[in-house]
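Before any comments, here is the structure.
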Amino acid sequence: MAEWQIGQCKVEVVKGDITEEATEAIVNAANERLIPGGGVDGAIHRKGGPAILEKLRAKYTHCPTGQAVVTRGGNLKAKYIIHAVGPIYKDGKSGEAELLASAYRSALEKALELSLNSISFPALSTGAYGYPLEEASSIALKTVIDFLKEKQAPKLVRFVLFTDDAYEIFVKTLEKFKTELS
Ligand code: AR6
């Protein structure tokens, strides 16, 4: 595990399955149509049960790339699911970086609106959406670090990485930022 204390807040990088997380919210890697797919999204809907999709359908039909919507957590330990839509990676020159940062920021803003103390993220866009992991880890961690420095909330932001590869890259990127930014 790697971590960095930023004032009153902490960023953690752990390896694991986000559907097992007991932070107050977990973030889902959703798509614009909010139709359950594979990857984290599939796992969350399978484990969380049909109530999640029912709540999504009752409130929303769509969520633009770079934004996020919230439902309760169904059968999961987390009370809330923040469904964030990251960009599909094309060539790195189509606004992907800004849209990925925006997806992280939107999820963090939802957590603040709900006065949550803890939230877990997967590596948005790095599976089916094809975002290169190193670049994605820099954007993810920098966006979270900047947000925590500015708002001093939520108190705990945890990145839960599913693969060894993703875990190792996020740890390395966090260590790099600790050296460069502290
Ligand atoms: N816990 C944590 N991370 C996970 C888990 C898990 N249980 N399962 C996979 N990952 P992806 P995207 C990692 O494809 O790229 C869906 O069909 C995975 O290793 O879930 O944003 C949606 O419906 C990868 O690093 O999301 C959308 O259509 C990361 O989660 C589309 O895929 C993200 O991979 C979204 O694509």
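A few points about this structure:
- Total residues in segment 166-182, condition acidic (Asp, Glu) and away from the ligand (no atom under 16 Å from the Cβ): 2
- Positions within segment 112-143 being in a loop (DSSP other than H, G, I, E, B) and either crowded, with 18+ Cβ neighbours inside 10 Å or among the acidic types (Asp, Glu) (or both), in sequence order: LEU116, PRO122, ALA123, LEU124, SER125, THR126, GLY127, TYR129, TYR131
- Only one of the numbered conditions (1) in contact with a helix residue (DSSP H, G or I) (Cβ under 8 Å, 6 or more places away or on another chain); (2) not in a loop (DSSP other than H, G, I, E, B) is violated by ARG57, and that is (1).
- Some residue of segment 48-59 being within 11 Å of the ligand (Cβ to nearest atom) and at pLDDT 95 or above: no
- Only residues that are within 8 Å of the ligand (Cβ to nearest atom), free of Cβ contacts under 8 Å to residues at least 60 places away in the same chain, of a type in the set (A, V, I, L, M) and crowded, with 20+ Cβ neighbours inside 10 Å were counted in segment 7-42, giving 1.
- So GLY74, is it outside any helix (DSSP H, G or I), out of contact with any Cys (no Cβ under 9 Å at 6 or more places or on another chain) and closer than 19 Å to GLY39 by Cα: yes
- The single residue among LYS172, LYS176, LYS93 that is in a loop (DSSP other than H, G, I, E, B) and over 16 Å from the mean Cα position of the chain (by Cα) turns out to be LYS93.
- Residue count for segment 144-181, restricted to those that are within 14 Å of TRP4 (Cβ to Cβ) and either surrounded by 17 or more Cβ atoms within 10 Å (Cβ to Cβ) or in contact with a strand residue (DSSP E or B) (Cβ under 8 Å, 6 or more places away or on another chain) (or both): 17
- Residues of segment 144-165 that turn out to be more than 10 Å from the ligand (Cβ to nearest atom) and in a loop (DSSP other than H, G, I, E, B), as a count: 4
- Among residues of segment 116-140 that are near the ligand (Cβ under 6 Å from one of its atoms), those with a beta-carbon under 9 Å from a residue that is in a helix (DSSP H, G or I) and among the charged types (D, E, K, R) at least six positions away or on a different chain give the pairs SER125/GLU96; ALA128/ASP41.
- In this entry, GLU54 is excluded by the filter for residues that are of a type in the set (Asp, Glu) and either within 16 Å of ALA136 (Cα to Cα) or surrounded by 14 or more Cβ atoms within 10 Å (Cβ to Cβ) (or both).
The values are calculated or read from the model by the stated rules, or taken from the named source; none is laboratory data. Quick caveat: nothing in here was measured; it's all calculated off a predicted structure. So basically every Cβ, Gly included, is an ideal-geometry build from the backbone, and we count neighbours across all protein chains shown.
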